[in-house]
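Enquirer: One structure is given below, represented as structure tokens, and several questions about it will come after.
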Amino acid sequence: EGPHQLRIGLRRLRSAFSVYSPVLTSPEMDRLSREAKWLGQEVGRLRDLDVVAKDIVGREARLNPDEPGLSALAEALAQQAAQQREHVRTLLVSPRAQSFLIALARFEETRGWLVAEDFEQTERLAMPALRLSRRSLKKCWKKVDRLAQHLEQLNAEQRHELRKELKKLRYATEFFSPIYSAKQVRKFLKSLKMLQAVFGDLNDAVTVKAIMAEETNRLDGRDAGVQRAIGWVIGASQTRAEFGWNMAKDLWRDLDQARPFWK
């Protein structure tokens, strides 16, 4: 759970930088965003291995005890996750990670987003929160809507792009939710989360395929049972993702009909 929460925290931080960029902008903020991305990728690798080993391959192994290759595959992936966990633990106390945390605290305490040469920044900072929220949420919604209007024709890359934009929209919604009607926000978020769940299955399928390819290369065909298990898991995750995708159109219609609450 720790890596998962750290990954989410880093994503939310980067989303906050993006959402508030019209008024909060500086070279230091850009640098902190890049460092958060770097650390998030390292932690994300661990989270992906944990999910694939325990929640995906482990689940298939429990449901199909007559396939010993699945248990062997889950164990191999768990060992990789253990190695990555030690790497992340070392990374978190490294000079680079610690410098990032210190710089982030300094950025907050000293209002590091202020740029002395930007004479118009004071006026932008005086923008009412309601106006900023509508501007930011409209921008996020526009990106989601542009992709979702052609939902059935999206390829894998476009689906991934839509998934990222949905996540940004959700974070922006949660950031600004206190200044809107709780009932309206709750209804919108409920529909948004349901649509995100479909894209979560799609992302799991992509992640499984990538990790399984690495495992196939590592085994080099030495274990037929595990190779069979790899094919099994890829097929099962792809089927689950496609089954969920069939509901995406209805879920998008529900979100669209929830009406953007900021209008």
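The values are calculated or read from the model by the stated rules, or taken from the named source; none is laboratory data. Quantities reported herein were computed from a predicted structural model and do not represent experimental measurements. Cβ sites come from the backbone with ideal geometry, for glycine too, and all protein chains shown count toward neighbours. Surface areas here come from the heavy atoms of the whole protein model, side chains and all, with no ligands, DNA or RNA. Shrake-Rupley method; radii C 1.70, N 1.55, O 1.52, S 1.80 Å.
Enquirer: Please verify whether the range 85-94 includes one or more residues that are acidic (Asp, Glu), within 29 Å of Lys164 (Cβ to Cβ) and open to solvent by 50 Å² or more (accessible area, probe 1.4 Å).
Expert: Among the residues of the range 85-94, not one is acidic (Asp, Glu), within 29 Å of Lys164 (Cβ to Cβ) and open to solvent by 50 Å² or more (accessible area, probe 1.4 Å), which makes the answer no.
Enquirer: Residue pairs, Cβ under 8 Å, 6 or more apart or interchain, first in the range 87-110 and assigned to a helix (DSSP H, G or I), second open to solvent by less than 80 Å² (accessible area, probe 1.4 Å) and among the charged types (D, E, K, R). List them.
Expert: His87/Glu42; Val88/Glu42; Leu91/Glu42; Arg96/Glu35; Phe100/Glu35; Ala103/Glu28; Ala103/Glu35; Phe107/Glu28
Enquirer: With the checklist (1) surrounded by 12 or more Cβ atoms within 10 Å (Cβ to Cβ); (2) modelled with pLDDT of 90 or more; (3) charged (D, E, K, R); (4) within 24 Å of Thr239 (Cβ to Cβ) in hand, flag the one item Arg62 doesn't pass.
Expert: Here Arg62 clears every test but (1).
Enquirer: Here is a check on your reading of the model: is Leu137 modelled with pLDDT under 90, more than 29 Å from Leu46 (Cα to Cα), within 19 Å of the chain's Cα centre (by Cα) and in a helix (DSSP H, G or I)?
Expert: Spelling it out, it is not the case that Leu137 is modelled with pLDDT under 90, more than 29 Å from Leu46 (Cα to Cα), within 19 Å of the chain's Cα centre (by Cα) and in a helix (DSSP H, G or I).
Enquirer: Of all residues being in contact with a helix residue (DSSP H, G or I) (Cβ under 6 Å, 6 or more places away or on another chain) and among the basic types (Lys, Arg) in the range 160-207, which is least open to solvent (accessible area, probe 1.4 Å)? Just the residue, please.
Expert: Per the stated criteria, the residue is Arg163.
Enquirer: Restrict the check to the range 253-261 and report whether at least one residue is outside any helix (DSSP H, G or I), basic (Lys, Arg) and open to solvent by 80 Å² or more (accessible area, probe 1.4 Å).
Expert: For the range 253-261, residues outside any helix (DSSP H, G or I), basic (Lys, Arg) and open to solvent by 80 Å² or more (accessible area, probe 1.4 Å): present.
Enquirer: In the range 217-236, what residues are polar (S, T, N, Q) and either under 15 Å from Leu49 (Cα atoms) or open to solvent by 90 Å² or more (accessible area, probe 1.4 Å) (or both)?
Expert: Once the filter is applied, which keeps residues that are polar (S, T, N, Q) and either under 15 Å from Leu49 (Cα atoms) or open to solvent by 90 Å² or more (accessible area, probe 1.4 Å) (or both), the range 217-236 yields only Asn217.
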